[in-house]
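Dropping the structure in here first, questions after.
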Amino acid sequence: GENVEQHPSTLSVQEGDSAVIKCTYSDSASNYFPWYKQELGKRPQLIIDIRSNVGEKKDQRIAVTLNKTAKHFSLHITETQPEDSAVYFCAASMYSGGGADGLTFGKGTHLIIQP
Amino acid sequence: DAMVIQNPRYQVTQFGKPVTLSCSQTLNHNVMYWYQQKSSQAPKLLFHYYDKDFNNEADTPDNFQSRRPNTSFCFLDIRSPGLGDAAMYLCATSTEGLGRGHEQYFGPGTRLTVT
């Protein structure tokens, strides 16, 4: 099955600086890569996703890049704000044809924005 | 926002006493998923339904079962809960397979405590 590695496990940045979280995946057939933000006690919320036919996607202060050859993808948050503090999960999914596959998650990154 | 509903939000059960968690959706989505998220860990896929077709992850314990009587409802049954089954259980849905251009919507979760 798919294996997703995520680094770093904890990231502390000054407010206003950029944050980068990196993930690698093992299955070259994976074709969908979402990022989720989870605040304490709440459900994971999708913040951005990318599909294997795209190299980069941006939504305001958030961007994701995908390198299919190297099998890695990254989340970039610019101009960080206190409300960006949360745990961020990357994930990968592969459509198997007969039905639908769920997500394999990375272990998460605890992002801390220092005022 | 009540598109994926989970009941109850908090469940306390005794060691070895069967428990059922409920998920319902108003989205008419074909796919429903159950994830287990233990404290400070990533969500882990237990199983999913594509319509009536059940897909069990290879490492999901036999203690966990699921039922989907109709499109709207899906249940997670834990036959003999152990202390290690204490976790947040997240239900999610998607229209079709994630790799086919559809995103996943999480419910608010049920926090299970085993005493």
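Please find, among B:89, B:49, the residue that is modelled with pLDDT of 95 or more and either within 14 Å of chain A (Cβ to nearest Cβ) or assigned to a loop (DSSP other than H, G, I, E, B) (or both).
Residue meeting the stated conditions: B:89.
Which one is nearest to the chain's Cα centre (by Cα), of the residues in the range B:19-39 that are part of a loop (DSSP other than H, G, I, E, B) and surrounded by 13 or more Cβ atoms within 10 Å (Cβ to Cβ)?
Here the residue is B:38.
Taking only the range A:17-30 into account, find how many residues are facing chain B (nearest Cβ under 10 Å) and surrounded by fewer than 19 Cβ atoms within 10 Å (Cβ to Cβ).
Of the residues in the range A:17-30, 1 are facing chain B (nearest Cβ under 10 Å) and surrounded by fewer than 19 Cβ atoms within 10 Å (Cβ to Cβ).
Now, a different point. Taking the condition of being facing another protein chain (nearest Cβ under 8 Å) and at pLDDT 95 or above, how many residues in the range A:66-115 meet it?
5
Given the criteria surrounded by 13 or more Cβ atoms within 10 Å (Cβ to Cβ) and not small (Gly, Ala, Ser), does residue B:55 qualify?
So residue B:55 passes the test.
Additional query: Can you go through A:37, A:58 and tell me which one is surrounded by fewer than 13 Cβ atoms within 10 Å (Cβ to Cβ) and in a strand (DSSP E or B)?
Result: A:58 is the single residue among A:37, A:58 that is surrounded by fewer than 13 Cβ atoms within 10 Å (Cβ to Cβ) and in a strand (DSSP E or B).
Considering only the range B:92-115, how many residues are over 14 Å from residue B:9 (Cβ atoms) and either in a loop (DSSP other than H, G, I, E, B) or β-branched (Val, Ile, Thr) (or both)?
10
Evaluate the following for residue B:42: is it free of Cβ contacts under 8 Å to residues at least 40 places away in the same chain, in contact with a strand residue (DSSP E or B) (Cβ under 7 Å, 6 or more places away or on another chain), not hydroxyl-bearing (Ser, Thr, Tyr) and not in a strand (DSSP E or B)?
For residue B:42, the condition - free of Cβ contacts under 8 Å to residues at least 40 places away in the same chain, in contact with a strand residue (DSSP E or B) (Cβ under 7 Å, 6 or more places away or on another chain), not hydroxyl-bearing (Ser, Thr, Tyr) and not in a strand (DSSP E or B) - is met.
Would you confirm whether or not the range B:70-77 contains a residue that is more than 8 Å from every other protein chain (Cβ to nearest Cβ), surrounded by 20 or more Cβ atoms within 10 Å (Cβ to Cβ) and at pLDDT 95 or above?
Among the residues of the range B:70-77, at least one is more than 8 Å from every other protein chain (Cβ to nearest Cβ), surrounded by 20 or more Cβ atoms within 10 Å (Cβ to Cβ) and at pLDDT 95 or above, which makes the answer yes.
The values are calculated or read from the model by the stated rules, or taken from the named source; none is laboratory data. Everything numeric in this text was worked out from a predicted model, so none of it was measured. Cβ sites come from the backbone with ideal geometry, for glycine too, and all protein chains shown count toward neighbours.
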